[in-house]
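Step one of this worksheet: look at the structure below.
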Amino acid sequence: MSRHPRFYFSLRSPYSWLAFHDLLRDAPEVADAIEWAPFWEPDERNDQALRERGEQFPYVAMSRAKHLYILQDVARLAAARGLSVKWPVDREPVWEIPHLGYLVALREGLGREYIAEVCSARWQHGRDICDRATIADIATRLGLDPDEVSNACDDDGLRARGVELLMDVCRDGVFGVPFFVHRFTRFWGVDRLADFVAHVRSKLAPAGAPPAGDAPGPSADPGHAGGCG
């Protein structure tokens, strides 16, 4: 279990995109203080590696009713932030392609820039982020090696690192994203980001300091955590 607060995000998830947007806008010091951990549905090869280590990825297929709700909910939440959404179409996605590409960007000190570019490509331009050409284009714009980033899923070392990250998902009990965890304290959904920020700020504040009062405000709809798998 990590001693540091951790933000589990998925480049697949619109709620992760919104949480990423809000975190950097409203609590940049918290963004700097936490670990950023990718979450993705593994392909057959990585799923087998997890099973060999006695774990099963906690993913449940989404119902049609939930999918239709998310279409409406994300459009509403994005509009409230002044963001537009162009829904992508996923055709036989391999989520290792964008998420292992993230590990290359992270190694080069451009992890957040990569997340921003990939989220924009997927949610604001409707691009297929499992298309290696899309990831290569993003890498080029960031000044990264496009072949290395777009083909990261073919690298055995990055594959092994990916399995370790998926093991962390299982150990931390992550069942959907965005998911925020610090030791035994957990929050799920973009609507719980304010609680996570307050929690982290309370740990960062000097002893005796008053609690921070500028955490992002709660959602108008507290009944839905704004999380998905």
Residue among Ala65, Ala27, Ala105 that alone is in contact (Cβ under 8 Å) with a residue 60 or more places away in the chain, farther than 24 Å from Arg171 by Cα and hydrophobic (A, V, I, L, M, F, W, C): Ala27
Report whether or not Trp36 is touching a strand residue (DSSP E or B) at 6+ places or on another chain (Cβ under 8 Å), aromatic (Phe, Trp, Tyr) and under 29 Å from His199 (Cβ atoms). yes
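Is it the case that region 74-81 has a residue that's buried (at least 18 other Cβ atoms within 10 Å of the Cβ), among the aliphatic types (A, V, I, L, M) and under 25 Å from Pro42 (Cβ atoms)?
yes
State whether the residues of region 117-133 include one that is more than 30 Å from Ala75 (Cβ to Cβ) and touching a residue at least 40 places away in the same chain (Cβ under 8 Å).
Of region 117-133, the ones more than 30 Å from Ala75 (Cβ to Cβ) are none.
Checking region 117-133: not a single residue is more than 30 Å from Ala75 (Cβ to Cβ) and touching a residue at least 40 places away in the same chain (Cβ under 8 Å).
Results for (1) more than 18 Å from the chain's Cα centre (by Cα); (2) within 16 Å of Arg107 (Cα to Cα); (3) not in a helix (DSSP H, G or I), shown as yes or no for each residue.
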| position | (1), (2), (3) |
| --- | --- |
| Cys119 | no, no, no |
| Gly126 | no, no, yes |
| Asp137 | yes, no, no |
| Gly143 | yes, yes, yes |
| Ala160 | yes, yes, no |
| Asp168 | no, no, no |
| Asp191 | no, no, no |
How about region 68-97: which of its residues are in contact with a strand residue (DSSP E or B) (Cβ under 9 Å, 6 or more places away or on another chain) and at pLDDT below 95? none
Among the listed residues Glu44, Glu108, Glu55, Glu92, identify the single one that is over 16 Å from the mean Cα position of the chain (by Cα) and on the phi > 0 side of the Ramachandran plot. Glu92
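Are any residues in region 91-108 assigned to a loop (DSSP other than H, G, I, E, B) and surrounded by 13 or more Cβ atoms within 10 Å (Cβ to Cβ), and if so, which ones?
Correct list: Pro93, Val94, Trp95, Glu108.
Residue by residue through region 173-198, note down the ones that are in contact with a strand residue (DSSP E or B) (Cβ under 6 Å, 6 or more places away or on another chain) and surrounded by fewer than 19 Cβ atoms within 10 Å (Cβ to Cβ).
Scanning region 173-198 gives a single hit, Asp195.
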For region 13-24, pairs from a residue that is surrounded by 24 or more Cβ atoms within 10 Å (Cβ to Cβ) to a residue that is among the hydroxyl-bearing types (Ser, Thr, Tyr) and not in a helix (DSSP H, G or I), with Cβ under 7 Å and 6 or more apart or across chains, are Ser16/Ser10
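The values are calculated or read from the model by the stated rules, or taken from the named source; none is laboratory data. Since the structure is predicted, the reported quantities are computational estimates derived from the model, not experimental observations. Heads up, the Cβs are rebuilt from the backbone with ideal geometry, glycines too, and the neighbour counts pull from every protein chain shown.
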